[in-house]
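A short write-up of the structure that comes next.
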Amino acid sequence: MTEILENNSFFFIALTVVAFCIGSACQKRWKLAVLNPILIGSGIVMLTLSVMKVPASTYQAACQPLSYLMTPATICLGISFAEQVQTLKEHLWAITIGVTLGTICSLGSVAVLAKSFGLSEVLTVSLLPKSVTTAIGVVLSEQAGGIGAVTTVAIILSGIFCNIAGPALARWFRLQDPVAKGVAYGTAGHVIATTRAMAESPLCGAVSSLSLTVAGIITSLVFSAVI
């Protein structure tokens with residue numbers, strides 16, 4: 001079966017799309033944050049690969065065309081940014097300071113926890129860029145000697161956690177201003193959490209889009225100093 005599928009990219013691409021659609025349908029049907037399309041879709045794909053005994057490397061190679069869409073999809077978040085550009089200018093300094101401090105705290109906390117638990121340098125490097133979008137985080141990790149797959153998992157889990165727990169945490173810390181919430185979503189949960197921010201309000205989504213971009217730039221600049 002594996003030998004047949006190795007040359008059949010359409011099957012794996014279709015599996016990915018269908019799995020995501022199932023996840024989206026579940027979330028729309030029951031409207032629960034925990035039913036995240038990415039979480040459900042990933043589970044369906046992993047279960048399918050496990051049952052069919054298909055190596056992850058085979059699936060990854062077959063789905064490479066989808067990976068090429070990751071960067072332009074991230075860039076499309078700039079649409080919401082353009083629509084709210086005037087309001088963003090008014091809060092630019094607050095957003096920049098908030099994202100900078102949040103990014104430094106993210107990198108610093110991972111470094112401290114990794115050292116406390118005795119993680120190897122490879123795992124530490126792989127986990128450090130957990131709060132930026134995959135297109136940036138994986139490149140930073142691999143260039144520093146990290147494991148791209150570990151970085152990808154850490155980034156996805158961080159985003160899903162922020163997407164699910166973000167609203168509750170915002171209420172807990174009494175974050176009511178859409179600008180403040182957007183900074184928190186974008187800095188801590190990149191693109192996945194930004195979808196939650198966009199669902200709350202156009203301004204929150206725009207701030208989150210800007211924040212994840214700034215967080216990616218700052219992480220790229222600070223990353224080498226942390227490691």
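The values are calculated or read from the model by the stated rules, or taken from the named source; none is laboratory data. Model, not experiment: these values are computed from the prediction. Positions of Cβ are backbone-derived with ideal geometry, glycine not excepted, and every protein chain shown enters the neighbour counts. With ligands, DNA and RNA removed, areas are computed over all heavy atoms of the protein, side chains included. Shrake-Rupley method; radii C 1.70, N 1.55, O 1.52, S 1.80 Å.
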| Across region 171-227, what is the number of residues that are in contact with a His (Cβ under 6 Å, 6 or more places away or on another chain) and closer than 21 Å to Thr134 by Cα? | 1
| Of all residues in region 21-49, which are within 21 Å of Thr194 (Cβ to Cβ) and basic (Lys, Arg)? | Lys28, Lys31
| Looking at region 186-211, which of the residues that are open to solvent by 10 Å² or more (accessible area, probe 1.4 Å) and not aliphatic (A, V, I, L, M) is nearest to Ile97 (Cα to Cα)? | Thr187
| field | Residue pairs meeting the criteria (Cβ under 8 Å; at least 6 apart or on separate chains; first more than 12 Å from Gly43 (Cβ to Cβ), in region 14-30; second open to solvent by 30 Å² or more (accessible area, probe 1.4 Å) and among the hydroxyl-bearing types (Ser, Thr, Tyr)) | value | Leu15/Thr48
| Yes/no for Thr87 being among the β-branched types (Val, Ile, Thr), open to solvent by less than 90 Å² (accessible area, probe 1.4 Å) and out of contact with any Gly (no Cβ under 9 Å at 6 or more places or on another chain) | yes
| query | So how many residues does region 181-216 have that are in contact with a Pro (Cβ under 8 Å, 6 or more places away or on another chain) and either acidic (Asp, Glu) or assigned to a helix (DSSP H, G or I) (or both)? | reply | 5
| Can you pull out the residues in region 194-222 that are over 17 Å from Gly159 (Cβ atoms) and without any contact (Cβ under 8 Å) to a residue 60 or more places away in the chain? | Ser201, Ile217, Leu221
| Out of all the residues in region 54-73, is one or more closer than 19 Å to Ile217 by Cα, open to solvent by 30 Å² or more (accessible area, probe 1.4 Å) and out of contact with any helix residue (DSSP H, G or I) (no Cβ under 6 Å at 6 or more places or on another chain)? | yes
| message | Residues that are open to solvent by less than 60 Å² (accessible area, probe 1.4 Å), under 16 Å from Cys162 (Cα atoms) and outside any helix (DSSP H, G or I): does region 107-129 have at least one? | response | yes
| query | Out of all the residues in region 34-71, which are without any contact (Cβ under 8 Å) to a residue 24 or more places away in the chain, closer than 20 Å to Ile155 by Cβ and of a type in the set (Val, Ile, Thr)? | reply | Ile40
| When residues of region 153-179 are filtered for being part of a helix (DSSP H, G or I) and open to solvent by 40 Å² or more (accessible area, probe 1.4 Å), how many remain? | 10
| Residues within region 13-39 that are within 20 Å of the chain's Cα centre (by Cα) and outside any helix (DSSP H, G or I), tallied | 5
